[in-house]
Structure formats: structure tokens, C-alpha cells
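K.L.:
Starting off with a structure, shown below.
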Amino acid sequence: MIAPPEEFERLVTKYLGLLGIGHPWKVEVVVRTDPEESLVDPDDPDAYAACSCLPEYYRATLHFDALHESWQSVEAGDIERCVRHEVLHIPLGILSCLARDMLGGNTAAREAIRQAEERVATLLEFAPLWDQGG
């Protein structure tokens with residue numbers, strides 16, 4: 001296991017605070033530590049982290065698979081960057097959920113929105129501002 005659940009929770013709390021995400025948001029952190037538990041994303045066995053966001057209800061769930069083989073080659077800073085990336089999906093999810101809702105059944109456009117959100121989260125994940133405040 002790469003890190004105990006408490007470490008993931010500590011880092012989530014840190015980045016929620018840095019982003020000013022507090023009340024009324026309810027953010028749940030789920031860390032898979034038991035091989036019998038379900039995967040982060042059963043449709044994507046390569047996924048080791050994910051964010052599900054319901055912005056209209058101010059709810060988000062951050063999933064981390066502490067047992068995933070991808071963690072075997074990472075360092076402590078990579079864990080923090082991964083957590084930061086998933087937390088960034090919360091404010092980004094507000095816009096992308098709206099866009100996907102407006103697109104209805106247009107699956108190609110919905111996928112383009114998902115990919116754009118992923119690119120923005122990655123861009124912000126590596127922004128030098130975290131070195132100053134984080």
C-alpha cells in the first residue's frame with residue numbers, strides 16, 4: 001500500500017482549504033486498501049484515482065486505490081500531486097457537468113468536455129503556485 005487512508009485524507013483537506021472549498025460542500029474520501037473492495041472505476045482497471053462530482057448538491061467523492069500497481073513506481077510527491085489533481089476536479093466539475101448536461105446524448109461532445117476537464121486539471125496540478133502556498 002502506497003500510503004494509509006489518513007494520508008490521502010490529510011492531503012485532500014489541505015487542497016480543499018487552499019482552494020477555498022468548504023461549507024456547503026461535502027467531500028468524501030474513499031481509499032481502497034482491501035483487495036476484495038471494488039476498483040476505483042470498474043470500467044477502467046487502469047484508474048487509480050477518480051472524482052465523482054454532483055455540484056448541484058455540493059457533493060463530491062474522491063476515490064483512491066492505494067493498492068493499484070501504478071503506485072509501485074511513485075514517490076511521495078507524486079501522491080500529493082495526484083490528490084491535488086483529483087481535488088481540482090471539484091471546481092472544474094461545476095462547469096463540465098453543466099456542459100455535459102446541455103449536450104444531452106452527444107457522446108463525442110461529452111467526451112471532448114471530459115478530456116478538456118482532464119487537461120485543465122493536469123495543467124493546474126503542475127502550476128508553480130502550489131510551491132508558494134502548498
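K.L.:
Report, by residue number, each residue of segment 101-115 that is of a type outside the set (K, R), surrounded by 13 or more Cβ atoms within 10 Å (Cβ to Cβ) and within 18 Å of P55 (Cα to Cα).
P.N.:
L103, I113
K.L.:
Out of segment 83-100, which residues are modelled with pLDDT under 95 and either crowded, with 17+ Cβ neighbours inside 10 Å or closer than 13 Å to E56 by Cβ (or both)? Spell out the reasoning first.
P.N.:
Filtering segment 83-100 for residues modelled with pLDDT under 95 gives 93-100.
Within segment 83-100, G93, I94, L95, S96, C97, L98, R100 meet the criteria.
K.L.:
Would you tally the residues in segment 101-134 being part of a helix (DSSP H, G or I) and either farther than 29 Å from G77 by Cα or under 17 Å from the mean Cα position of the chain (by Cα) (or both)? Spell out how you get there, then give the answer.
P.N.:
Looking only at segment 101-134, we keep the residues that are part of a helix (DSSP H, G or I), and these are 101-103, 107-125, 129-133.
Subset that is either farther than 29 Å from G77 by Cα or under 17 Å from the mean Cα position of the chain (by Cα) (or both): 101-103, 107-125, 130.
Total satisfying the criteria: 23.
K.L.:
Kindly list the number of the only condition in (1) in contact with a Ser or Thr (Cβ under 9 Å, 6 or more places away or on another chain); (2) free of Cβ contacts under 8 Å to residues at least 24 places away in the same chain that fails for L67.
P.N.:
Tallying (1) in contact with a Ser or Thr (Cβ under 9 Å, 6 or more places away or on another chain); (2) free of Cβ contacts under 8 Å to residues at least 24 places away in the same chain, L67 fails exactly one: (2).
K.L.:
Pick from segment 65-77 the residues that are surrounded by fewer than 18 Cβ atoms within 10 Å (Cβ to Cβ) and in a helix (DSSP H, G or I): which of them is modelled with the lowest pLDDT?
P.N.:
A76
K.L.:
I need the full set of residues from segment 49-60 which are buried (at least 16 other Cβ atoms within 10 Å of the Cβ) and in a strand (DSSP E or B), in order please. Reasoning before the result, please.
P.N.:
First pass over segment 49-60, keeping only residues buried (at least 16 other Cβ atoms within 10 Å of the Cβ): 49-51, 53, 55, 60.
Hits for segment 49-60 are A49, A50, C51, C53, A60.
K.L.:
Give all pairs with beta carbons closer than 6 Å in which a residue from segment 78-100 that is part of a helix (DSSP H, G or I) meets a residue that is aromatic (F, W, Y); count only pairs at least 6 apart in sequence or on separate chains.
P.N.:
Filtered contacts from segment 78-100: R84/Y15; V87/Y15.
K.L.:
Here's something else I'd like to know. Filter segment 10-48 for residues that are charged (D, E, K, R), outside any helix (DSSP H, G or I) and surrounded by fewer than 16 Cβ atoms within 10 Å (Cβ to Cβ) and give the result. Before the answer, list the steps.
P.N.:
Step one: list which residues in segment 10-48 are charged (D, E, K, R), which gives 10, 14, 26, 28, 32, 34, 36-37, 41, 43-44, 46.
Next, from what is left, pick out any that are outside any helix (DSSP H, G or I): 26, 28, 32, 34, 36-37, 41, 43-44, 46.
K26, E28, D34, E36, E37, D41, D43, D44, D46 - these are the residues of segment 10-48 that are charged (D, E, K, R), outside any helix (DSSP H, G or I) and surrounded by fewer than 16 Cβ atoms within 10 Å (Cβ to Cβ).
The values are calculated or read from the model by the stated rules, or taken from the named source; none is laboratory data. These numbers were taken from a predicted model, which means no experiment stands behind them. Quick reminder, even Gly has a Cβ in these numbers, built from the backbone with ideal geometry, and neighbours come from all protein chains shown.
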